[in-house]
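In what follows, a single structure is set out as structure tokens and then discussed.
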Amino acid sequence: MSDNTKIYEKVMDILTDVTGDPVVREDPDINLPEEGLIDSMGYMELLMDVEDSLGIVIAPAEYTREEMDTPRKIAAVVESKSR
């Protein structure tokens with residue numbers, strides 16, 4: 001399993017925990033805020049969990065909500081920060 005695959009799977013695990021909904025795995029292009037699956041506090045929890053479990057620090061102001069509004073986009077941001 002590649003590093004990117006491991007990161008993707010970990011991000012999906014974190015998102016499933018934060019949103020409480022496995023749909024994030026089933027539909028990686030679902031718009032999380034529009035569907036009411038994540039709010040500002042959820043984003044903060046997501047960023048803290050990514051840092052705790054992957055050691056990747058993403059500052060809240062570093063990306064716009066639009067750049068991190070789907071599971072696929074979030075995984076891509078985390079993967080890009082892991083390099």
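Considering the range 1-16, and only residues there that are of a type in the set (A, V, I, L, M, F, W, C) and touching a Ser or Thr at 6+ places or on another chain (Cβ under 9 Å), the residue that is surrounded by the most Cβ atoms within 10 Å (Cβ to Cβ) turns out to be ILE14.
The residues of the range 74-83 that are charged (D, E, K, R) and more than 14 Å from LEU47 (Cβ to Cβ), listed by number, are GLU79, ARG83. Inside the range 28-57, can you point out the residues that are of a type outside the set (S, T, N, Q) and free of Cβ contacts under 8 Å to residues at least 24 places away in the same chain? The answer is GLU35, GLY36, LEU37, ILE38, ASP39, MET41, MET44, LEU47, MET48, GLU51, ASP52, GLY55.
Scan the range 17-40 for residues that are assigned to a helix (DSSP H, G or I), modelled with pLDDT of 95 or more and either of a type in the set (Gly, Ala, Ser) or exposed (fewer than 11 other Cβ atoms within 10 Å of the Cβ) (or both) and the total you get is 1. The residue that is surrounded by the most Cβ atoms within 10 Å (Cβ to Cβ), among those in the range 60-80 that are β-branched (Val, Ile, Thr) and part of a helix (DSSP H, G or I), is ILE74. Taken over the range 4-35, the criterion of being more than 18 Å from ILE56 (Cα to Cα), out of contact with any Lys or Arg (no Cβ under 9 Å at 6 or more places or on another chain) and among the polar types (S, T, N, Q) is satisfied by THR19, ASN31.
The values are calculated or read from the model by the stated rules, or taken from the named source; none is laboratory data. Just so it is clear, the model here is predicted, and its values are computed rather than measured. Please note: Cβ atoms are built from the backbone with ideal geometry, for glycine as well, and neighbour counts cover all protein chains shown.
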